[in-house]
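Heads up, the thing below is written out as structure tokens.
The values are calculated or read from the model by the stated rules, or taken from the named source; none is laboratory data. Note that the coordinates shown come from a computational prediction; the quantities given were computed from them, not determined experimentally. Note that each Cβ is placed from the backbone with ideal geometry, even for glycine, and that neighbours are counted across all protein chains shown.
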Amino acid sequence: MIERRRKILSRAEEVDANYVLASSPENIFYFTGFWGAGYVLISKEQCTLFTGALENLRAKEGAFETKVVSSPVGASPITILKEFISRGSKILIEDIPYSLKATIEEKVEAQLNVSSKPFYELRRIKDRYEIRMIEEASTRIDRLFDYTLKALKEGISERELASKVVGEAISIGLEMPMTSTGFEPLIIASGPNSSFPHAPLTDRRIRRGDTVKGDYFFRYQAYVSDETRTFVLGQASREIKDAYETVLSSQEEGVKAVKAGAVAGEVDSICRGIIGERGYSEYYVHGTGHGVGLEVHEPPTLSINQNERLLEGNVVTVEPGVYLPRKFGIRIEDTVLVGERAKTLTEFTKELIEV
């Protein structure tokens, strides 16, 4: 964490800022080891974590080589920030709502350089510890798919199956990262519901012949892995098998293309090209992948017209899919470490399983 602080201060110096301020739980954790509400202020002299009284004790126990300062009950930590910042200073700060920016500028009397880019650029290259945590998250999610196959049976509802999987995830030490685009901690979608890429959980009961798509994204020690598999309850139709083989071929070739120096958009083109050649072009309706780390979705993005190059130490997903409206959907997703060649961290079989 000392090295992470040094690097972000170096980015701050590039814009003539002498302080760094972060308020998202992800960035607070990245620089201190504490996950919770507050603000972390980094300077050459020290790292200071500002919290409310509610989090004071937990912050002191969790933050690494960090001074913890708590505001009085009922007061915002912003009220005491100014005591630690020289008047007229310049601060590099991640993207925040305009109202919060105005409040900080008023209370602290400092100039803010607002940009999340330096934070994401730093976080997208994972160190060895981060990679180990994502590997462990991946291994445990693989175990969840083993559990899913045991729990999956005719007549069980999507919601019932999801509750079993979530319970098992908690019991094996995983934590749930929520996304802002849905209410559920995971996706389990059956039959026609699986044709929605981001399907909500429903009370629909799973029937023989259904595709069952499970998209599991969980944390281990704060770090996220993301994996999707699609099964069939009973015997798969020829149509389902054809679509599945198409997605599998696309996904496997996409994983092979993930390596340091590869252009993100070209990985997407490889996956999209295979699906298009087999007549499913209009049914592939999203990008090929995204970065994972402290967030479920973070840079880089593997999608059309993305010209950034993948870097060694990036961790990304590769997840092409085909979705036939009101019929079925198939997605296969792995979390992959970028190096001289791809290292797939999620290892549950990708062969079509008929339960």
Open item on the list: Given the criteria surrounded by fewer than 13 Cβ atoms within 10 Å (Cβ to Cβ) and either assigned to a strand (DSSP E or B) or touching a Leu at 6+ places or on another chain (Cβ under 7 Å) (or both), does K44 qualify?
Closed with: yes
Open item on the list: Can you pull out every residue in region 211-255 that is acidic (D, E), surrounded by fewer than 24 Cβ atoms within 10 Å (Cβ to Cβ) and under 26 Å from S163 (Cβ atoms)?
Closed with: D215
- [ ] State all residues of region 305-332 that are over 25 Å from S24 (Cβ atoms) and either within 14 Å of the chain's Cα centre (by Cα) or at pLDDT below 95 (or both); if no residue qualifies, say none.
- [x] N305, V318
Open item on the list: Given the options E351, E333, name the one that is among the acidic types (D, E) and touching a Ser or Thr at 6+ places or on another chain (Cβ under 7 Å).
Closed with: E333
Open item on the list: For T301, only one of the following conditions fails: (1) touching a Phe, Trp or Tyr at 6+ places or on another chain (Cβ under 8 Å); (2) in a strand (DSSP E or B); (3) surrounded by fewer than 21 Cβ atoms within 10 Å (Cβ to Cβ). What is its number?
Closed with: (1)
Task: Within region 70-111, considering residues that are touching a helix residue (DSSP H, G or I) at 6+ places or on another chain (Cβ under 6 Å) and not in a helix (DSSP H, G or I), the one surrounded by the fewest Cβ atoms within 10 Å (Cβ to Cβ) - done: V73
Open item on the list: I'm trying to understand the selection: among the residues of region 197-210, which are buried (at least 16 other Cβ atoms within 10 Å of the Cβ), more than 11 Å from L161 (Cα to Cα) and touching a Leu at 6+ places or on another chain (Cβ under 6 Å)?
Closed with: D210
TODO: Go through region 327-355 and give me each residue that's within 16 Å of L233 (Cα to Cα) and assigned to a loop (DSSP other than H, G, I, E, B).
DONE: K327, K350, E351, L352, I353, V355
Open item on the list: I'd like to verify a number: residues in region 311-326 that are assigned to a loop (DSSP other than H, G, I, E, B) and in contact with a helix residue (DSSP H, G or I) (Cβ under 6 Å, 6 or more places away or on another chain), how many?
Closed with: 3
TODO: Could you tell me which of the residues G155, G191 is buried (at least 17 other Cβ atoms within 10 Å of the Cβ), within 17 Å of L233 (Cα to Cα), over 23 Å from the mean Cα position of the chain (by Cα) and of a type outside the set (K, R)?
DONE: G191
Open item on the list: Show me the strands (runs of 3 or more DSSP E) found entirely inside region 186-247 where at least 3 residues are among the hydroxyl-bearing types (S, T, Y).
Closed with: 211-220, 223-232
